[in-house]
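The values are calculated or read from the model by the stated rules, or taken from the named source; none is laboratory data. Bear in mind that the values here come from a model prediction, so they are computed numbers and not experimental data. We place every Cβ from the backbone using ideal geometry, glycine too, and count neighbours over all the protein chains shown.
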Amino acid sequence: MKVYEISYGQHKLRYAFHYEKTPLYMRPYIRLSENEEYDILSPIDYMEELRPYYTENQDDDYVEYKSLINLSSLALLRENGVFFHAVAIRYKQKAWLFIGRSGTGKTTQYKNWKKRYRDQIELICGDMPYLELNDGNIHVYPSPWNGKERFKGKADAPLGGIVFLEKGDHNEIREMSVKEALAPLFHQFAVEPQNEEDIRQLSNIADVLLKKYPVIKLINKADQEAVELCSKYLEKYL
């Protein structure tokens, strides 16, 4: 059985796969490992539990690929890392995470920012960036899980803040309180804690996110005016 590896921040995971085509979903981040031992092989029964949720594609290799998100997050929690549901960009040397319910325009925000700021914007990850806590700070890295648009980023950066998106008929922006931001933020962690230690590790990351970094609410019309409003507001955190 071939063993592959992917680097996430300062750490590395080795994978074995049931299906030959699964590694193709994880390009360009994956490479063959010289080590024959693996950290993760998704159980068949676990994949079958997840299969009904992937109505967009139920091919075996795709289901295996998607099943690895939670398994990888669980392994990386031991290293103070976790995958986080967001579109992540690098702007002025900081990472900004755009979060929100499905259909609130996370991808549209990236496209509009790229259209407005062009070379000043670099994509980190289109759907599930990897967040790593180190020395009290959070750094944001790419991952192989890039969403249906397959926006594959290669940039990384220290976290600047989080923008919680909400659709509206006007553009408005403000910072959220810790209490207000708690539930929306926790819903973005791509992991299902299995024990007390997992919960403790995840809570530690969440605590740093909430107390050290701004969570900003952007009600927006998904237009260029919203981009201008948001970018000017972020200047205070640069």
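Looking at region 1-23 only, could you name the residues that are aromatic (Phe, Trp, Tyr) and either farther than 26 Å from Asn80 by Cα or part of a loop (DSSP other than H, G, I, E, B) (or both)?
Phe17, Tyr19 - these are the residues of region 1-23 that are aromatic (Phe, Trp, Tyr) and either farther than 26 Å from Asn80 by Cα or part of a loop (DSSP other than H, G, I, E, B) (or both).
Can you name the condition, by its number, that Ile6 falls short on among (1) at pLDDT 95 or above; (2) out of contact with any Lys or Arg (no Cβ under 9 Å at 6 or more places or on another chain)?
(2)
Results for (1) over 18 Å from Gln93 (Cα atoms); (2) modelled with pLDDT under 95; (3) touching a Pro at 6+ places or on another chain (Cβ under 7 Å), shown as yes or no for each residue.
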residue: Lys111; (1), (2), (3): yes, yes, no
residue: Asp119; (1), (2), (3): no, yes, no
residue: Ile138; (1), (2), (3): no, no, no
residue: Ser143; (1), (2), (3): yes, no, yes
residue: Glu149; (1), (2), (3): yes, yes, no
residue: Ala157; (1), (2), (3): no, no, no
residue: Leu165; (1), (2), (3): yes, yes, no
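Return the residues of region 115-145 that are in a helix (DSSP H, G or I) and in contact (Cβ under 8 Å) with a residue 24 or more places away in the chain; say none if nothing qualifies.
Answer for region 115-145, where residues must be in a helix (DSSP H, G or I) and in contact (Cβ under 8 Å) with a residue 24 or more places away in the chain: Lys115, Arg116, Tyr117, Gln120.
Taking only region 152-163 into account, find how many residues are over 16 Å from Ile69 (Cβ atoms) and part of a loop (DSSP other than H, G, I, E, B).
Matching residues across region 152-163 total 4.
Among the residues of region 25-44, is there at least one that is part of a helix (DSSP H, G or I), over 20 Å from the mean Cα position of the chain (by Cα) and of a type outside the set (D, E, K, R)?
yes
Which of the numbered conditions does Gly153 fail, given that it passes all the others? Conditions: (1) farther than 21 Å from Gly105 by Cα; (2) within 16 Å of the chain's Cα centre (by Cα).
If we test Gly153 against (1) farther than 21 Å from Gly105 by Cα; (2) within 16 Å of the chain's Cα centre (by Cα), just (1) comes out false.
Might you check whether a residue that is within 18 Å of Met128 (Cα to Cα) and in contact with a helix residue (DSSP H, G or I) (Cβ under 8 Å, 6 or more places away or on another chain) occurs anywhere in region 26-44?
yes
Quick check on my filter: what residues within region 202-238 are of a type in the set (S, T, N, Q) and farther than 22 Å from Arg101 by Cβ?
Of everything in region 202-238, those that are of a type in the set (S, T, N, Q) and farther than 22 Å from Arg101 by Cβ turn out to be Ser203, Asn204, Gln224, Ser231.
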